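Take a look at the structure below.
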Amino acid sequence: MKSMFNNCINLARSKMLGLTVATGVALLSTSSVMAFQDEGTIRIGMLETITGGAAPYGLAGARGTLLAIEEVNATGGIEINGKKSKIVVVGGGELGSDGGLDPALAIAGLKKLVLDDHVLMVKGPTTSTNSEAIFNYLNELSNQGSGLVVHSSSAGAPGLGEISKWGFRNSFAESYALSFLVENMVKHTGAKTAAIYHLTDNPYFPVMAELMTKELAKLGVEVKAVATGLSKDAEFSRQVKEIKSVNPDIVYLATDNLRGIGFMKEAFRRRLQPSVFIGGISQLVPDTINSGGEATAGMVMISSYDDKGVGINAYRAKFKARWDEDINLFSVNGYEAGQLLVKALQNSGIENTKESLASDRAKLRDAYETVKIDSISGYSVEFNDVHDTPKSGVILTIKDSAFQAWEAN
């Protein structure tokens, strides 16, 4: 699947890396970037997309991670050589630096964090396109003696973990759980035909459309129509008409959140009524319900957790108290990423000094290879040999203006 991202990577490398990251109220000033153990801090970077079209995912992931960090800091921090050190996020604001949607901007932000701010590791990026570019750039940094862990909790494209030994992700990768979702939907609906709507200017969505086509074919379901669009689209009559013309049993959406909502509203208006609409993880954010309204009711998607789980409910209360909003897949994965980071730090044996930075980065990478936690999602989570954390998934549906566990009638 890597070849589908090559154009994005080449573009990122060809642009100037002197782009600036987003500004804001700095958590650490540039004069204090060499704090290390003497100041009682462990500095990490965050490079999530917190503005633009992917902001709902990046903000949720960053807030989840920060909450996990704040919890360990409330206990005094991580013990290093008998002394407690608190984890501090370096960057443009409380949630770190904005990775944006441009791979070149993301690489520029990473370069600053690694070479200028001297962080131990970086949490992010948000998107698969940025992660592809950054994970490749990690190999260059490693060759220069500046390798460090970069940990994404949301990038879901297949094959990302194979790019660099420094790249990790606990994202809920739809590709691992797609078979489970499709088997249940085909069995439930008795589907014989399907149609797909996907975006073409983000490499992740064509990959997922191709995987869905293969999973449907395994079960004898024919894809009768494939409608495509762009991430700038604001009108969806063409795609809905193309799909409605084949009267499919299943309609699968591989789009970002805004295009998914727009398509569903147009489908509702034109009375496109398949047995089931299947959405991707991009739809697992509050906007799908709040903006989509009755048009998105009944849509199903695969998630990493059961909304009724004990750990999830406890986390929901903490997240609402801290951020005044409900949790979603991305905030859950972000919190889980923070827990993995904390555990890896506790197991790493780092010295946390200016002189030990290179070796500390390597020690943390080694700790990531073997770290294991019991997640709030209900899973025992650890990285596999390609640095992913596969999960079987839970099927959710939108019912009574909420994401709820799907149950076959």
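What follows draws every value from the coordinates through simple rules; no lab data is involved. Here the structure is a predicted model, which means the values were calculated and not measured. Cβ coordinates were reconstructed from backbone atoms using ideal geometry, including for glycine residues, and neighbour counts include every protein chain displayed.
Using the count of nearby Cβ atoms within 10 Å as a rough guide to exposure, how do Val226, Val186 rank from fewest to most?
Working: Val226 17, Val186 22.
Going from least to most buried by this count: Val226, Val186.
Rounded to the nearest 0.05, what FRET efficiency do Val310 and Asn347 give with R0 = 35 Å and r taken as the Cβ-Cβ distance? Could you check? Show your work: numbers first, answer last.
Numbers: r = 26 Å, r/R0 = 0.74.
E between Val310 and Asn347, to the nearest 0.05, is 0.85.
With θ set to phi - 60°, apply the Karplus curve 6.51 cos²θ - 1.76 cosθ + 1.60 along the stretch 155-168 and write out the HN-Hα couplings as whole Hz, x wherever there is a Gly or Pro.
5, x, 5, x, x, 4, x, 8, 6, 9, 5, 9, x, 10
Subtract the Cα-Cα distance of Lys214 and Glu369 from 0.36 nm times their separation in residues, and report this length gain in nm to one decimal.
On the way: separation 155, 0.36 × 155 = 55.80 nm, distance 3.18 nm.
Taking 0.36 nm per residue and subtracting the Cα distance, the gain is 52.6 nm.
In terms of modelled amide H atoms, which long-range or inter-chain residues lie less than 5 Å from the amide H of Ala254?
Amide H neighbours of Ala254: Tyr197, His198, Leu199.
So what J values fall out for the stretch 82-87 if you push phi through Karplus, 6.51 cos²θ - 1.76 cosθ + 1.60 with θ = phi - 60°, rounded to Hz, Gly and Pro as x?
x, 10, 7, 10, 8, 7
Would you mind ranking Leu258, Leu345 by Cβ crowding within 10 Å, fewest neighbours first?
Numbers: Leu258 18, Leu345 28.
By the 10 Å Cβ count, ascending: Leu258, Leu345.
So what's the net charge close to Phe168: Lys and Arg +1, Asp and Glu -1, counting the other residues with Cβ under 14 Å from its Cβ?
Details: positive: Lys123, Lys165, Arg169, Lys343, Arg361, Arg365, Lys372; negative: Glu162, Glu336, Asp366, Glu369, Glu382, Asp385, Asp388.
In short, 0.
In whole Hz, with x marking every Gly and Pro, tabulate ³J(HN,Hα) for the stretch 122-128 from phi via Karplus 6.51 cos²θ - 1.76 cosθ + 1.60, θ = phi - 60°.
10, 8, x, x, 8, 8, 5
Which value in deg cm²/dmol, rounded to the nearest 500, describes the helix-derived mean residue ellipticity at 222 nm for the chain, given -39,500 (n - 2.57) per DSSP H run of n ≥ 4 and division by the residue count?
Helix contribution divided over all residues of the chain: -12500 deg cm²/dmol.
Can you sort His387, His118 by how many other beta carbons sit within 10 Å, fewest first? Intermediate results must be reported in sequence, preceding the final value.
Details: His387 23, His118 19.
Starting with the residue having the fewest Cβ neighbours, the order is His118, His387.
Counting Lys and Arg as +1 and Asp and Glu as -1, what is the net charge of the other residues whose Cβ lies under 13 Å from the Cβ of Glu242? Walk me through the intermediate numbers first.
On the way: positive: Lys224, Arg238, Lys241, Lys244, Arg270; negative: Glu266.
Within the 13 Å Cβ shell, the charges total +4.
Check which residues have an amide H placed less than 5 Å from Val223's amide H, if you skip close sequence neighbours.
Counting only residues 5 or more places away or on other chains, the set is Ala194.
Which GluC sites (Glu not before Pro) does the stretch 196-261 hold that lie in a coil by DSSP with at most 11 other beta carbons within 10 Å?
Sites meeting the loop and neighbour criteria: Glu235.
Counting other C-beta atoms within 10 Å, and keeping those with at most 12, which DSSP coil trypsin sites (Lys or Arg not before Pro) do you find in the stretch 335-409? Each step should come with its number before you reach the end.
Working: sites: Lys343, Lys354, Arg361, Lys363, Arg365, Lys372, Lys391, Lys399; in loops: Lys354, Lys391.
Hits after loop and neighbour filter: Lys354.
Residues with amide H under 5 Å of Ser154's amide H, sequence separation 5 or more or different chain, H placed in the peptide plane at 1.01 Å from N; which?
Ser171
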